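S.K.: One structure follows; several queries about it will come next.
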């Protein structure tokens, strides 16, 4: 597709989205009592005052800005379908939020909370359906050899060949591999490709770009040994105005996710394995704040009783404050009801040889330092409830790897285990609902890493739901 055709299609798509948004607004703001009498004539017969026209025009313009800012019109040819649909859902959510704020600022009586919800529901359904239809239509066109993009791949290593194979396996993407540019070496093997793609020397790339249609160049040259050559290819692409596609995994990382940022006008690529950024992270933090406030309020009688029991049954403070290792190894004081004698930490050195678990952590079933009330608090997990204060302070989360004492952290010997500190520690996690202290240390660490790799809001909900029966059973508690 030429640049001019793409611009025409984008403009039509933008106009279509605006029309859909206006239609959804009209349907959403009609009173429910009139829905059985909806007709086009009735909708068009509504009188429109000049001030209302300009106000609504401003609202439509804001919707358009929301759609553009959400990335609805960026190239998504190689993106997964769910990512494109997620972008559409985010755009309609932003448009609904703008509508709600607009109604409050200008006192638009016809826009009610229920009307905003209907607008969001209608627009999301139509936008998602429209994107699915568009993607399927373009895919069908590309399978018949239209709307193609021609890509030249610099490099013939395994990642370059895999990239070419993935393009060939998905003809609906409309990519055609023109060839591979690389110096001859023993590892070159293009036999697995069903293609007549050329493979030629890097010395000939300038002539090839001058004489052939090339839409993109995918860079897969090893930068350590071919940096000057790769820089020359990039310069040629810049001079020709050809798009360059870089593989962000230049260090062959296994779990780090790339993300692009702009700092002071300069583009940067970040590789991170920690928490997910954006709206999921915001929702998770909101859940933490609301959930901890609700739990502190509902459980306040239990907290008060526990505090009285600790105070009257043994000397010492009600709470035990211990330094723990938190997010990115920041140290903080964790709140717990005291379950041991006041000088418990000083007595630990005399009990080290009785440790019953593997790894750097220390646990024994019949710890002589635990008080009778403390034993009950531990079995019921009531001793952990004051950590809801740590959640409110932002030092912990409701769900996340358990915060470890500094002593335990200093006993770590494998760096992969330290990735668990790349997110906020939590009150409960996979370890808590899978046996707790009865699980070996290495398996515990593997469960924490599994949580990081598979994290989603739904996973947090499931862990919270499973924590309650695990606490009642007292499985693995110590």
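Please treat every number below as a calculation from the coordinates, not as lab data. Here the structure is a predicted model, which means the values were calculated and not measured. Because the Cβ atoms are built from the backbone with ideal geometry, glycine has one as well, and the counts that use them run over all protein chains shown.
S.K.: Taking the Cβ of each residue in 272, 64 as the centre, tally the other Cβ atoms inside 10 Å and list the residues starting with the fewest. List each step's numbers first, then the result.
M.R.: Numbers: 272 13, 64 17.
Lowest count first: 272, 64.
S.K.: Ok, one more. Given R₀ = 51 Å, FRET efficiency for residue 393-residue 144 by Cβ-Cβ distance, to 0.05?
M.R.: Numbers: r = 60 Å, r/R0 = 1.17.
Efficiency for this residue pair is about 0.30.
S.K.: Label segment 280-473 by shape, choosing from rounded, prolate and oblate, from the square roots a ≥ b ≥ c of the eigenvalues of the Cα gyration tensor; if a/c is under 1.5 it is rounded, and otherwise prolate applies when a/b is larger than b/c, oblate when it is not. Don't skip to the end; give the middle numbers.
M.R.: Values: a/c = 1.66, a/b = 1.13, b/c = 1.47.
The shape class here is oblate.
S.K.: Suppose each label sits 7 Å from its Cα in the direction of the beta carbon; what would the residue 353-residue 270 distance come out to in nanometres?
M.R.: About 5.0 nm separates the two model spin labels.
S.K.: Let me have the relative contact order for segment 77-141, percent, based on Cα pairs under 8 Å that are six or more residues apart.
M.R.: Normalised by residue count, the contact order of segment 77-141 is 44 percent.
S.K.: If packing is taken as the average count of other Cβ atoms within 10 Å, what order do 135-145, 316-326 fall into, highest mean first? Could the numbers behind the result be given before it?
M.R.: Details: 135-145: 13.8, 316-326: 16.8.
Order by mean packing, descending: 316-326, 135-145.
S.K.: In nm, what is the difference between 0.36 nm times the number of residues separating residue 27 and residue 364 and their Cα-Cα distance? Please list the in-between numbers first.
M.R.: Values: separation 337, 0.36 × 337 = 121.32 nm, distance 6.52 nm.
Value of the extension gain: 114.8 nm.
S.K.: Where the centroid of each part is defined by its Cα atoms, how far is segment 262-337 from segment 111-175 in Å?
M.R.: So the two Cα centres are separated by 40 Å.
S.K.: Same structure again: Spin-label point model (7 Å from Cα, Cβ direction): what's the residue 158 to residue 380 distance in nm?
M.R.: According to this spin-label approximation, the distance is 5.6 nm.
S.K.: Exposure proxy check: 339, 467, 81, 297 ranked by fewest other beta carbons within 10 Å? Intermediate values should be presented prior to the final figure.
M.R.: On the way: 339 22, 467 18, 81 12, 297 8.
The most exposed by this proxy come first: 297, 81, 467, 339.
S.K.: Give the residues of segment 135-165 whose amide nitrogen is closer than 12 Å to a point set 7 Å from the Cα of residue 240 in the direction of its Cβ.
M.R.: Once the point is set 7 Å along Cα→Cβ of residue 240, 150-154 turn out to lie under 12 Å by backbone N, inside segment 135-165.
S.K.: Between residue 77 and residue 7, what is 0.36 nm times their sequence separation minus the Cα-Cα distance? Round to one decimal in nm.
M.R.: Working: separation 70, 0.36 × 70 = 25.20 nm, distance 1.53 nm.
Full extension of this stretch gives 23.7 nm more.
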